[in-house]
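Student: Next up is a structure, given as structure tokens.
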Amino acid sequence: MRGASVELIQVSKRYGAALAVDAIDLKVPEGSYCCLLGPSGCGKTTTLRMIAGHETASDGNILIGPREVGHLPPAARGTAMMFQSYALFPHLDCLDNVAFGPRMRGVDRATRRRRAMEMLSLVRMEGFAGRLPAQLSGGQQQRVALARALVTEPSVLLLDEPLSALDPFLRVQVRAELKRLQTELGITFIHVTHSQEEAMALSDLVVVMNGGRIEQAAPPREVFSRPETGFVARFIGGHNVIAMPGGSLAVRVDRMRLSPRLVDAAGEGGLPARVETVEYQGSFVQLRLAPLDTARATEVFAAVPDDVFAAQPFAVGDVVTARWAEGEAHPLRDGQLPADVPALEEIAP
Amino acid sequence: MDGGGAPVMVDAVRAAPRRSWGAYWQAAPFAIVFLLFFIVPLCLTVAVSFWHYDEYSLQPAFTLENYEEVFDGCIAKLPSLCVTFATYLSTLRFALMAWVCTLVLGFGIAYFLAFHVRTVPMQMALFLICTVPFWTSNIIRMVAWVPLLGRNGLVNQGLQAVGATSAPLDWLLYSEFSVVLAFVHLYTLFMMVPIFNSMARIDRSLIEAARDAGASGWQTLWSVVIPLCKPGIVIGSIFVLTIVMGDFVTVGIMGGQQIASIGKVIQVQMSYLQFPIAAANAVVLLGIVLLMIWALTRLVDIRREL
């Protein structure tokens with residue numbers, strides 16, 4: 001198996017009058033782990049399905065490696081898809097499920113069973129070859145689905161929210177497993193998720209989508225430390241979005257410096273605010289602040305290291321000035337205010 | 001029923017025997033109907049099949065002479081067929097033809113409804129159209145074929161008008177063709193509904209997964225859709241086969257009273273008041289139909305699917 005790059009050029013998808021994906025451009029380098037991240041309805045799954053060939057793009061070009069694949073059926077694209085509900089065939093045992101692809105391509109029985117067995121051992125499921133999907137746990141079904149997707153030796157593996165049906169403990173385990181496989185096999189993974197944590201943990205390239213557009217496509221550290229838009233700052237979490245005279249800024253919650261407000265502090269930058277809640281979190285203390293000037297932000301958070309807080313504690317009701325170093329403030333491209341984007345609680349499952 | 005749930009649950013913990021009596025009471029009305037109108041007549045039929053009869057009387061007895069009469073000379077005459085064997089063969093042939101036609105049609109229509117009709121209101125509307133044959137009585141439905149298929153019927157006139165034939169086609173009515181046609185017209189729905197039910201339960205992502213794995217349309221149909229529809233196919237087949245095996249009205253009317261079927265034989269014997277031999281024939285038919293159902297259920301565990 002060898003990875004292939006995936007390139008989208010001005011790709012759009014329309015359903016009647018509704019625009020699900022709006023002229024996006026994206027280049028995923030070969031052999032990389034890419035996460036499409038965004039709230040539901042942002043077009044990430046549609047994008048994945050267009051790459052897979054289960055949806056036809058209304059406009060634009062899709063390239064896998066050097067080939068334009070827009071007109072090809074899924075099996076001819078060198079991609080394989082792992083479905084959200086795994087979509088294992090309930091009437092076939094694990095071995096036959098994995099051997100399904102080779103069987104459809106006319107591979108002889110002995111060869112396809114041997115290949116299927118190899119794939120099952122790759123995902124450590126060789127002991128369950130004779131079981132029906134209904135006799136497996138969610139995590140086991142997931143591994144079988146992965147084996148089935150890999151048996152056709154794809155150069156690009158497409159995963160549609162592969163971890164969403166698992167419980168949190170298993171999710172972390174399977175996440176590590178996915179990363180291990182991707183590194184071992186060296187093929188390109190494109191993974192759709194609405195969990196920023198998952199995207200951070202896995203990807204080489206995070207593509208944050210909203211409303212059918214790509215808000216930012218960059219390595220995870222860059223997305224987290226330098227969000228380009230208000231949406232990204234809010235969606236990734238850990239950022240305050242503050243309106244300033246020159247446009248909106250994003251400042252990381254853990255880079256906020258608090259000091260008691262001095263009335264004679266005129267001329268210095270900063271955001272005067274009242275402390276609303278104080279929550280001790282172990283290594284840090286989380287403070288929710290209500291800025292006195294609500295036009296700049298309705299609420300901001302500050303994560304203060306516990307020793308710093310102990311040296312200079314604040315109580316609910318105190319008025320403080322929140323400051324940040326010059327380099328910690330990142331101007332946002334769209335100047336979008338927090339009120340325009342859905343709150344994280346609404347996005348999380 | 002309302003408010004009954006909680007006490008029953010409590011009883012289940014406290015006094016299991018009372019709960020089981022409650023369940024028996026709930027099952028009782030249907031059990032009584034079933035007993036009175038199905039089990040008792042069936043037992044009577046079996047009992048009467050062992051009675052002795054002559055031209056003037058029926059006498060309670062335990063004799064196998066009716067069964068001997070049913071199969072009279074059947075073994076001796078082989079390889080040429082006795083009347084009973086020939087009749088069963090003809091009935092089986094009709095059952096088979098009706099089964100193949102209803103299966104192909106029923107599967108096709110169910111497939112169209114389940115996979116090609118996108119909206120539920122449209123599915124409902126088309127489903128209602130499929131039930132149109134049941135909006136009128138069986139007899140009227142069959143009589144209605146006469147002006148259509150008769151010697152001077154619409155079909156013959158139409159064919160002659162376009163020059164497809166020079167003389168009226170005789171095999172359109174009162175023939176094997178018309179019998180099978182009537183069966184298909186009547187019973188396709190019985191095949192279609194259970195198959196549709198099975199298809200509606202197929203997760204659409206399975207079809208996509210098959211396509212993703214490189215399966216063509218036919219391969220997907222053969223390797224994914226049909227195996228997952230097996231329970232529906234078996235249930236539909238049981239409906240069609242049992243109805244057609246016992247039918248005598250459709251074969252009588254649409255066959256112009258010229259075609260033998262085992263149901264027809266039983267009906268004629270009853271009209272001559274030869275109840276014991278009619279009963280013996282009925283018991284044999286019942287046995288054969290039960291064997292067919294047993295064989296079908298060997299193929300699929302339908303109890304798991306219901």
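Student: How would you classify chain A from its alpha-carbon gyration tensor, with a ≥ b ≥ c the square roots of the eigenvalues: rounded for a/c under 1.5, else prolate if a/b is greater than b/c, otherwise oblate?
Tutor: Working: a/c = 3.03, a/b = 1.98, b/c = 1.53.
Prolate.
Student: At a Cα cut-off below 20 Å, give the aspartates and glutamates reachable from B:Lys264, other chains included and same-chain residues fewer than 8 away excluded.
Tutor: Counting by Cα, and skipping residues close in sequence, B:Lys264 has these aspartates and glutamates nearby: B:Glu68, B:Glu69, B:Asp72, B:Glu176, B:Asp247.
Student: Classify segment B:83-142 as rounded, prolate or oblate from the Cα gyration tensor: take a ≥ b ≥ c as the square roots of its eigenvalues, call it rounded if a/c is under 1.5, otherwise prolate when a/b beats b/c and oblate if not. Intermediate values should be presented prior to the final figure.
Tutor: Details: a/c = 6.54, a/b = 1.88, b/c = 3.47.
It is oblate, given that a/c is not under 1.5 and a/b is not larger than b/c.
Student: Under 19 Å from a label point 7 Å along Cα→Cβ of B:Leu154: give me every residue in segment B:93-133 with its amide N that close.
Tutor: B:129-133
Student: Excluding same-chain residues fewer than 8 positions from A:Lys179, which lysines have a Cα within less than 23 Å of its Cα?
Tutor: Partners within reach: A:Lys27, A:Lys44.
Student: By average Cβ neighbour count within 10 Å, what is the ranking of A:311-317, A:101-107, A:154-160 from highest down? If you can, show how the numbers build up before the last one.
Tutor: Values: A:311-317: 10.9, A:101-107: 18.9, A:154-160: 24.7.
For the peptides A:311-317, A:101-107, A:154-160, the packing ranking is A:154-160, A:101-107, A:311-317.
Student: Give, in nm to one decimal, the length gained when the segment between B:Ile140 and B:Ser216 is fully stretched (0.36 nm per residue of separation minus the Cα-Cα distance). Kindly include the intermediate steps, with their values, before the conclusion.
Tutor: Details: separation 76, 0.36 × 76 = 27.36 nm, distance 4.49 nm.
Extending this stretch completely gives an extra 22.9 nm.
Student: Let me ask another. What full-extension length gain, to one decimal in nm, is calculated for A:Thr183 and A:Ala17 as 0.36 nm per residue of separation minus the Cα-Cα distance? Please list the in-between numbers first.
Tutor: Details: separation 166, 0.36 × 166 = 59.76 nm, distance 4.12 nm.
Residue separation times 0.36 nm, minus the Cα-Cα distance, leaves 55.6 nm.
Student: Would you give the gap between the C-alpha center of segment A:120-169 and the C-alpha center of segment A:293-312, rounded to a whole Å?
Tutor: Answer, in whole Å: 44.
Student: A further question follows. Rounded, prolate or oblate for chain B? Axes are the square roots of the Cα gyration tensor eigenvalues, ordered a ≥ b ≥ c, and the cut-off for rounded is a/c under 1.5. Intermediate values should be presented prior to the final figure.
Tutor: Working: a/c = 1.90, a/b = 1.05, b/c = 1.81.
Oblate is the answer for chain B, as a/c is 1.5 or above yet b/c matches or exceeds a/b.
Student: If you place +1 on the Cβ of every Lys and Arg and -1 on the Cβ of every Asp and Glu, how big does the dipole about the Cα centre of segment A:6-225 come out, in debye to the nearest 20?
Tutor: Numbers: 24 positive and 23 negative charges, 135 e Å.
The dipole of segment A:6-225 has a size of about 660 debye.
Student: Here's a follow-up. Placing unit charges on C-beta atoms (Lys and Arg positive, Asp and Glu negative, everything else neutral), compute the dipole magnitude of segment A:157-198 about its Cα centre in debye, rounded to 20. Present the calculation step by step, with values, prior to reporting the outcome.
Tutor: Numbers: 4 positive and 7 negative charges, 28 e Å.
The dipole magnitude comes to about 140 debye.
Student: Relative to a virtual label point 7 Å from the Cα of A:Lys27 in the Cα→beta-carbon direction, which members of segment A:184-220 show backbone nitrogen distances below 20 Å?
Tutor: A:187-191, A:204-209, A:214-220
Student: Relative contact order (percent) for chain B, with alpha-carbon contacts under 8 angstrom and 6 or more residues of separation? The partial results should precede the final answer.
Tutor: Values: 296 pairs, mean separation 72.2, N = 306.
Rounded, it is 24 percent for chain B.
Student: Between A:Val278 and A:Ser259, 0.36 nm times their residue separation minus their Cα-Cα distance comes to what? Can you show the working numbers first?
Tutor: On the way: separation 19, 0.36 × 19 = 6.84 nm, distance 1.49 nm.
Gain on extension, A:Val278 to A:Ser259, equals 5.4 nm.
Student: Taking 7 Å along the Cα-to-C-beta vector as the label spot, tell me the A:Arg124-B:Ala161 distance in nanometres, rounded to one decimal.
Tutor: 7.6
Student: Could you work out how far apart the two model spin labels at A:Asp318 and B:Leu36 are, taking each label as a point 7 Å from the Cα in the direction of the beta carbon, and quote it in nm?
Tutor: Here the answer is 8.6 nm between the modelled labels.
FYI, it's all coordinate maths here, none of it is from the lab. Here the structure is a predicted model, which means the values were calculated and not measured. Note that we place each Cβ from the backbone using ideal geometry, even for glycine, and neighbour counts take in every protein chain shown.
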